[in-house]
Amino acid sequence: MIGLALALALVAYLPGALIFRLPVADRDRRMSLDPAERVYWAIVLSLAISLTAGFVLAAAGWFSLPRVLAADGLIAVLALAAGNRRLLARRAARPTAWTAAPVLVAALCLWLYPPPSEYVMGGKDPGTYLNAGIRIAHDGSLISRDEVVATLPREYLPLFFPPHGFDEYYSLRFMGFFLLDPATGAVVDQFPHLYPVAVAIGYGLYGLTGARFVPIAIAVLGVLGLYFLAARLTGRPAAVAAAGLLAIHLVQLWHARIPNSEILTQPLLLAGILACTRAHVDGDRFFAPVAALLLGLLLFSRIDGVLMLAFVGAGLGLWWLTGGRVRAVFVMPLAALGVAAGAYAVGFLAPYLNTPRRWLEANWIPVAVVMLATVAAWAAGLRLRRREAVQRAVRTWAPAVIAVGLVGLAIYAWFFRVQGGRLAEHDASSLRMFGWYVHPAAIAIAVAGFVLLAMRRFWKDPVVLCAAAGSAVFFFYKIRIVPEHFWTTRRFVPILLPAVMLCIAAALVMPLDFRNARARLADRIRCAAGVAVLAAIAVSFWQAAAPVRAHVEYAGLIPRLEALASRLTERDLLLVESRNATDVHVLALPLAYIYDREVLVLTSPRPDRLMFAGFIRWALEHYENVYFLAGGGTDLLSRSFVVEAVASEPIQVPEYESAWNAYPSGARLKKFHLDLYRFAPARDGVPPPTSVDVGAADDLHVLRFHAKEQDRRGTFRWSRDVSYLMLSGIDANATALVLRLDSGGRPPAAPPADVEVSIGETVIGRIRVEDGGGTYTLPIPPDLAERAARSADPLTVRLRTTTWNPHELLGVPDDRELGVMVDRVEVVRR
């Protein structure tokens, strides 16, 4: 633990603390800041340095925690040598009663946010981020060599990696991971890498637990960033209110537990805005390069970091038009980071930027017009800003224009904007959707607070108000994400939600004069009313977050994955069924990149049978064991190999509902039924199985069925409109096919449960399945049995069934198209 504490101090405090104390750029000025803010800047600076060092090392292929610590230590030593004894500041501000406020806010966050989720599986962005970071920690590089891919013969690539036809990458290794070159096994993850580097550092500090706690630590810094930014703009009482509201809000709580890059963007942006304002509006030179570093890192965190920089630039540009000076020590480092980000985007992010690049190529004319207009506006500003009349006009009218414009757009978006033409419903109602998370009355208060800040305090911090207004207009015009909640709320995390909390606090607390509240009745009434409304909003936030506070996404998944990984060795190969079969494929990613197992995911539930048989022969020669992990159904059977059932285990983990264009109602159970099989060479004289217990170890015998289920009678699966059974027990002696089916208790409004049964393209019978279950025997024509005996492959039984939808007919959440319950299928022989 001592080693961990020392490493944490080096990563998250010491370099920044020493740099902050360097006797340069009017140190006494920044040492007059509150002690809590000085500690905050030491932490933020240190983490920015550690992230930068880790990113550079990973880009060079040299990442490791000891090297990051060495870089931090070198910077600390250089700062110590440069400052020497002068690092001991004698004019530092002493703690006051308000010093405890950010400490208490941080303590509140640290009480609310743990435990983190166990979001280690793939399939969606959070799992991609976490696995990408751990992959960097293991391989030391943004682009790694995947050995199982590199050693795969090219003739078998279509089974797992069909070419996508792009120059930037060959195929997908896993969802969210691009396979750049199958010959070398070069793989890069999909998204910008700053957050994965943070995960890699956390993993190096304390393993998987350290990686999982990264978003919690970052979220605390985001809340503190809002506090210190608000303290400068609105005063400390309002800052406590704003930070407290953000800390307890459902959206902040949710994303503090989930791996995502938006939660990293939040503290970078808020701290960068505060540093930018201190450097330019307050005239503190020290914070200019700090702001450049923090804001420049946004370009390596998210692709929309460019947008955030544009909004920051708009606020800074307005301030510049009033005669303010933009420091060269801010512009030059930021420009250097911009050039580096461009090179990074062209290189490492080329696969990810494939779609945006094609959009730019198709829309280069309007993009060029916008860029030329920006240059022209800047050139005109160079001439006009020297005129006092222009400066006065900008200072007088800019806040009012922005405030009135935002109010007008808010009224239009809330009351008049509707779906139509190319405007989707979730875009048209994006602001009203935000009202699910912040009460409409609180949104109205926030708009009033923005007007108050714009009219009274705009020039005290034009950057944060322009960034908030610009982000609101951009994202509430087009939310630019599928309306799946809480997933959509990630758009609110970087600046929108903190800005709303800031504006609510500004409207309710900033106008209050607590010093006179004891003397004047009117002041008492105003203070009581403001505090009461603030308390009501806080209570609504607290109540809305209660289900999330009690929920840990995918709790218990990690021990189950560890148990599965322990069955495999480094000399084993695990094949995983296609993503078109079930969700089992999401477990392949952590098994490969967290637990270092050799894993391949099939691209289709019906791979080329001849090619797959050849691959199995090759794999059995190069690996000790070849396993198959399934839970849905894959057409793999062949008479050239046998498949043995090894283990079967149901897994249930809590997953909050993903509601489409609706507010989630609560937690559900995500179910996996994992069946593990082992491939072996075919054994002569061993007859193929003649029956299949559907819903048990049936994955190689079923296709296009629903997931396995079990009731008091046993295991079964629901069929779909068309489902398939692969049977290897049909030979020349087969005389009949026996099916055990149940209609499943269809409601009267549903159509009858009619099933057409075919072998190949030949219909062998039609059945009307009754409620309560029954056994149905259909004769197999002799010619079909003879063809089956001559075929090297199993025959396919097709079930074509009339279906019904429980959601439509009964109003229950189950919206599957259900056929019949299939319990067992058996081949009768002479």
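I need the per residue convex hull volume for segment 662-817, using only the alpha carbons, in cubic angstrom as a whole number.
Roughly 149 Å³ of hull volume per residue.
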How big is the shadow of the Cα convex hull of segment 595-725, averaged over all directions, in nm²?
11.4
Using the Cα atoms of segment 267-307 to build a convex hull, what is its mean projected area in square nanometres?
2.6
Could you check how many percent of all C-alpha pairs in segment 557-638 are farther apart than 18 Å?
41
Identify, among Pro664, Leu739, Pro654, the residue whose Cα sits farthest towards the positive end of the charge dipole of segment 635-752, taking +1 on the Cβ of Lys and Arg and -1 on the Cβ of Asp and Glu, with the dipole about the Cα centre.
Pro664
Give the aspartates and glutamates whose C-alpha is closer than 15 Å to that of Lys478, dropping any in the same chain fewer than 8 places away, or say none.
Asp304, Glu425, Asp427
At Ala441 and Phe415, where each label point lies 7 Å from the Cα along Cα→Cβ, what is the point-to-point distance in nanometres?
1.9
Under 5 Å between amide H atoms, partner at least 5 residues away or on a different chain: which partners does Val646 have, H built in plane at 1.01 Å?
Leu676, Tyr677, Arg678
Under 8 Å for C-alpha pairs, at least 6 residues apart: give me the relative contact order for the chain, rounded to a whole percent.
10
Estimated translational D of segment 271-376 in µm²/s (Stokes, Kirkwood radius over Cα pairs; 25 °C; 0.890 mPa s)
164
Can you give the FRET efficiency for Leu360 and Ala336, using 1/(1 + (r/R0)^6), R0 = 22 Å, r = Cβ-Cβ distance, to the nearest 0.05?
0.40
Of the convex hull drawn through the C-alpha atoms of segment 443-570, the volume per residue in Å³ is 198
Using only the alpha-carbon atoms of the chain, report the extent along each of the three principal axes, biggest first, to the nearest angstrom.
101, 60, 56
Karplus-derived HN-Hα couplings along segment 464-481 (A = 6.51, B = -1.76, C = 1.60, θ = phi - 60°), whole Hz, x at Gly and Pro
5, 6, 5, 5, 5, 5, x, 5, 4, 5, 5, 7, 7, 6, 9, 5, 6, 6
Residue-wise HN-Hα coupling along segment 565-582, computed from phi with Karplus coefficients 6.51, -1.76, 1.60 (Hz; x: Gly, Pro)
5, 5, 6, 10, 10, 5, 9, 9, 10, 10, 9, 10, 5, 5, 5, 7, 8, 8
Between Leu110 and Gln652, the two model label points (7 Å from Cα along the beta-carbon direction) sit apart by a distance in nm of 3.7
Cross-link partners among lysines for Lys124, C-alpha distance below 17 Å, same-chain residues fewer than 8 apart left out?
Lys670, Lys671
Against the 2.2 N^0.38 Å scaling, with N counting residues, where does segment 6-129 land? I'd like the Cα-based Rg ratio to two decimal places.
1.29
To the nearest 20 Debye, how big is the dipole of the chain about its Cα centre, given +1 on the beta carbon of each Lys and Arg and -1 on that of each Asp and Glu?
4500
Which chymotrypsin sites (Phe, Trp or Tyr not before Pro) does segment 413-470 hold that lie in a coil by DSSP with at most 10 other beta carbons within 10 Å?
none
Report the dimensions of segment 137-244 along its three principal axes from the alpha-carbon atoms, largest first, rounded to Å.
68, 31, 19
For Trp660 and Asn580, compute 0.36 nm times the residue count separating them, minus their Cα-Cα distance, and round to one decimal in nm.
26.7 nm
Taking amide hydrogens as modeled 1.01 Å from N in the peptide plane, which residues meet the under 5 Å criterion relative to Ala736, leaving out close sequence neighbours?
Ile780, Val828
What is the percent carbon and sulfur in the accessible area of the chain, measuring with a 1.4 Å probe over the protein chains and ignoring ligands?
61
What residues qualify as long-range amide H neighbours of Gly773, i.e. H under 5 Å apart, gap of 5 or more or another chain, H built at 1.01 Å from N?
Ser743, Gly744
Chymotrypsin sites (Phe, Trp or Tyr not before Pro) in segment 100-175 lying in a DSSP loop, each with at most 15 other Cβ atoms within 10 Å of its Cβ, come to Phe166
Rounded to the nearest 0.05, what FRET efficiency do Arg395 and Ala100 have when you use their Cβ-Cβ distance and R0 = 51 Å?
0.85
Dipole magnitude of segment 702-763, debye to nearest 20 (Cβ charges: Lys/Arg +1, Asp/Glu -1, about Cα centre)
340
Starting from 0.36 nm per residue, how many nanometres of slack lie between Thr735 and Val306 once their C-alpha separation is accounted for?
147.5 nm
Going by average Cβ density within 10 Å per residue, which order do the peptides 345-357, 209-221, 667-679 take, highest to lowest?
209-221, 667-679, 345-357
Given Cα pairs under 8 Å that are at least 6 residues apart, what percent is the relative contact order of segment 1-117?
36
Residue-ordered couplings for segment 215-229, obtained by feeding phi - 60° into the Karplus form 6.51 cos²θ - 1.76 cosθ + 1.60 and rounding to whole Hz (Gly and Pro as x), are x, 5, 4, 5, 5, 4, 5, x, 5, 5, x, 5, 4, 5, 5
If you build the Cα gyration tensor of segment 108-186 and take the root of 5 times each eigenvalue, what three semi-axes come out, in whole angstrom, biggest first?
32, 13, 11
Length gained, Ala555-Arg678, 0.36 nm per residue minus C-alpha separation, equals 41.4 nm
Given a Förster distance of 60 angstrom, what is the FRET efficiency for Ala380 paired with Glu562, based on the Cβ-Cβ distance and rounded to 0.05?
0.45
Nearest 10 degrees is fine. How inclined is helix 194-212 to the longest principal axis of the chain, computing both from alpha carbons?
70
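The values are calculated or read from the model by the stated rules, or taken from the named source; none is laboratory data. Remember, predicted model here, so these are calculated numbers, not experimental data. Counting neighbours? That spans all protein chains shown, and the Cβs are built from the backbone with ideal geometry, glycine included. Accessible surface areas use protein heavy atoms only, side chains included; no ligands, DNA or RNA. Shrake-Rupley method; radii C 1.70, N 1.55, O 1.52, S 1.80 Å.
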